[in-house]
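Enquirer: This is the structure, below, for whatever I ask next.
The values are calculated or read from the model by the stated rules, or taken from the named source; none is laboratory data. Not measured: the values here are computed from a predicted model. As a convention, Cβ positions derive from the backbone with ideal geometry for all residues, glycine included, and neighbour counts pool all protein chains shown. To get the accessible areas, we keep the full protein, side chains included, count just its heavy atoms, and leave off ligands, DNA and RNA. Shrake-Rupley method; radii C 1.70, N 1.55, O 1.52, S 1.80 Å.
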Amino acid sequence: MPQDPVERRVVVTGPPRRSRPASGYYRPRTEIDEQTTLGHTYVRSLMRTQLRAALAVFAFLGLLIGPLPLLFAAMPDAHRLEWGVLGFGLYAPMVLLARWYVRRAERNERDFVRLVEDR
């Protein structure tokens, strides 16, 4: 029997007992939840990008629909043309524009979530 017993090394695996974030590490989701200035800036940035997309759609619609009264005034006896342009000519561009806007808004939100999510 040896006089110096061999010490065994015990390896403990498992989750750490303390879950303190490292210093200098910040979590944007916490900033938003606590309504700090930085969190307010994040949300304001998202709102600004959504507003920019909405204003682009509004401007395009204004350019598309705005000149129509002048066009209709130039041709006073073309009632069928007016109904054709309003009923069929504007439908496809408006649907495409709405589709573009929804995709853009979803992409903005996806980018925001990617920015804010915890890693």
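Enquirer: Does segment 49-58 contain any residue that is open to solvent by 70 Å² or more (accessible area, probe 1.4 Å), under 28 Å from R99 (Cα atoms), at pLDDT below 95 and out of contact with any Ser or Thr (no Cβ under 9 Å at 6 or more places or on another chain)?
Expert: Going residue by residue through segment 49-58, those that are open to solvent by 70 Å² or more (accessible area, probe 1.4 Å) are 51-52, 55, 58.
Now drop any that are not under 28 Å from R99 (Cα atoms), which leaves 51-52, 55, 58.
Then drop every residue that is not at pLDDT below 95, which leaves none.
Taking every residue of segment 49-58 in turn, none turns out to be open to solvent by 70 Å² or more (accessible area, probe 1.4 Å), under 28 Å from R99 (Cα atoms), at pLDDT below 95 and out of contact with any Ser or Thr (no Cβ under 9 Å at 6 or more places or on another chain).
Enquirer: Can you name the helices (runs of 4 or more DSSP H) wholly within segment 46-119 that have at least 1 residues being hydroxyl-bearing (S, T, Y)? Show your work before the answer.
Expert: Working: elements: 68-74, 79-84, 91-116.
Those helices (runs of 4 or more DSSP H) span 91-116.
Enquirer: When only residues in segment 12-40 that are out of contact with any helix residue (DSSP H, G or I) (no Cβ under 6 Å at 6 or more places or on another chain), surrounded by 12 or more Cβ atoms within 10 Å (Cβ to Cβ) and not in a loop (DSSP other than H, G, I, E, B) count, which is modelled with the highest pLDDT?
Expert: If we filter segment 12-40 for residues that are out of contact with any helix residue (DSSP H, G or I) (no Cβ under 6 Å at 6 or more places or on another chain), which is where we start, we get 12-27, 30, 33-37, 40.
Remaining after also requiring surrounded by 12 or more Cβ atoms within 10 Å (Cβ to Cβ): 27, 30, 36, 40.
If we keep only those that are not in a loop (DSSP other than H, G, I, E, B) too, we end up with 30, 40.
Details: T30: 76, H40: 86.
Only one residue tops the list, namely H40.
Enquirer: Just checking, which of W83, W100 is at pLDDT 90 or above and open to solvent by 100 Å² or more (accessible area, probe 1.4 Å)? Give the derivation first.
Expert: Details: W83 fails: at pLDDT 90 or above.
Checking each option against the conditions leaves just W100.
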